[in-house]
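Note sheet for the following structure.
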Amino acid sequence: MNEHVSILGLGAMGRALASALLAAGREVTVWNRTPGKAGGLGAREASSVEEAIEAGDLTVVCLLDDASVRETLAPVAPKLDGATLVNLTSGSARQARRLAGWLDGHGVRLLAGGIMAVPPTVGTDGAFILYSGARDLFDRVAPVLAPIGRPQWVGADPGFAALYDMAALSGMYGMSAGADHAVTMVHREGGDVEAFKREVLGPWMEQMLPFMVGGADMSESVPEEYNPAMQATGLENMLAASQEAGVPEDLAGHLRASLWRMRRAAA
Ligand code: NDP
């Protein structure tokens, strides 16, 4: 598997992808908007996007967002006929479909992706990468990129990798929102937050996770033991307790406010 991989983007994720591919013996060329970020990697640094894409049998794009991908590729797009790109930049399904259509018009084959890993877990057993687009393209790319995470094809529609990625993030942020909200309630009422996290919240969420994932689509089938009246009352009880503790009951709004507070504090 000696294909030469080029990577556009050497942020935290691009660097992790490059390291995992290099560790697996792939030849890697990298390009980053701000030059000089390849230090210590052992990859060849290209001085332009065009040079990087020309060097690779396939090019992985891992930039901030869809706008940065467009900005980076637009000046070179007319020269990319025949190239293979794998876009691992996060975005929406619509953005992925539009990007695939636009690149197809320039003779580029695009495999869209979503990374189900964080930089330290890239290349580890738990990491997996969602891909969508033509199956034959996936079959060619998957063995080359397997060192970054287990390749998982989710359909021919180029939007599906992004859709599943964002939906999985919804599950993750939902859990984060719930955990943050729970801890804030305990904190506001003067409880022992560390003991609560260790002895109650962690074990409880672990016990409930299989039920949450298994029964996520409650509209389709309600298990026999599931009592909707009790659950509806249970949710009202939790919201009342939250109000009593002075914590806003909108879980996602609560998480958003706390993340923005952290972002302002870090700026
Ligand atoms: P970073 O913020 O660390 O890096 C962003 C990268 O994008 C840098 O290489 C930056 O270049 C480049 N960039 C930003 N704007 C532009 C632009 N206008 N033109 C060209 N290049 C640009 O982000 P990550 O590496 O962590 O994330 C990259 C992608 O991976 C994102 O889409 C993210 O959602 C996804 N991802 C990240 C995960 C994570 O935990 N980090 C997990 C799963 C997915 P420069 O150095 O010049 O600023």
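The values are calculated or read from the model by the stated rules, or taken from the named source; none is laboratory data. Everything numeric here is computed off the predicted structure, so don't read it as measured data. Ideal geometry is used to build each Cβ from the backbone, glycine not excepted, and the neighbour counts take in all protein chains shown.
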Go through (1) under 23 Å from Arg140 (Cβ atoms); (2) part of a loop (DSSP other than H, G, I, E, B); (3) more than 9 Å from the ligand (Cβ to nearest atom) one by one and return the number of the condition Thr89 breaks. (3)
Condition met for Val28 (of a type outside the set (Gly, Ala, Ser), in contact with a Ser or Thr (Cβ under 8 Å, 6 or more places away or on another chain), within 20 Å of Ala142 (Cα to Cα) and more than 8 Å from the ligand (Cβ to nearest atom)): yes
From the options Pro143, Pro119, residue that is assigned by TED's automatic domain parsing to the domain that holds Ala24, more than 16 Å from the ligand (Cβ to nearest atom), within 22 Å of Arg26 (Cβ to Cβ) and out of contact with any Phe, Trp or Tyr (no Cβ under 7 Å at 6 or more places or on another chain): Pro143
Cys62 meets each of (1) in contact (Cβ under 8 Å) with a residue 60 or more places away in the chain; (2) near the ligand (Cβ under 9 Å from one of its atoms); (3) closer than 22 Å to Thr29 by Cα with one exception, condition (1)
Counting just the residues of the range 228-254 that are in contact (Cβ under 8 Å) with a residue 40 or more places away in the chain and not in a helix (DSSP H, G or I), which one comes out nearest to Leu169 (Cα to Cα)? Val247
Out of (1) crowded, with 17+ Cβ neighbours inside 10 Å; (2) over 22 Å from Pro151 (Cα atoms); (3) within 9 Å of the ligand (Cβ to nearest atom), the odd one out for Glu71 is which? (1)
For residues that are part of a helix (DSSP H, G or I) and surrounded by fewer than 16 Cβ atoms within 10 Å (Cβ to Cβ), tally how many sit in the range 177-196. 5
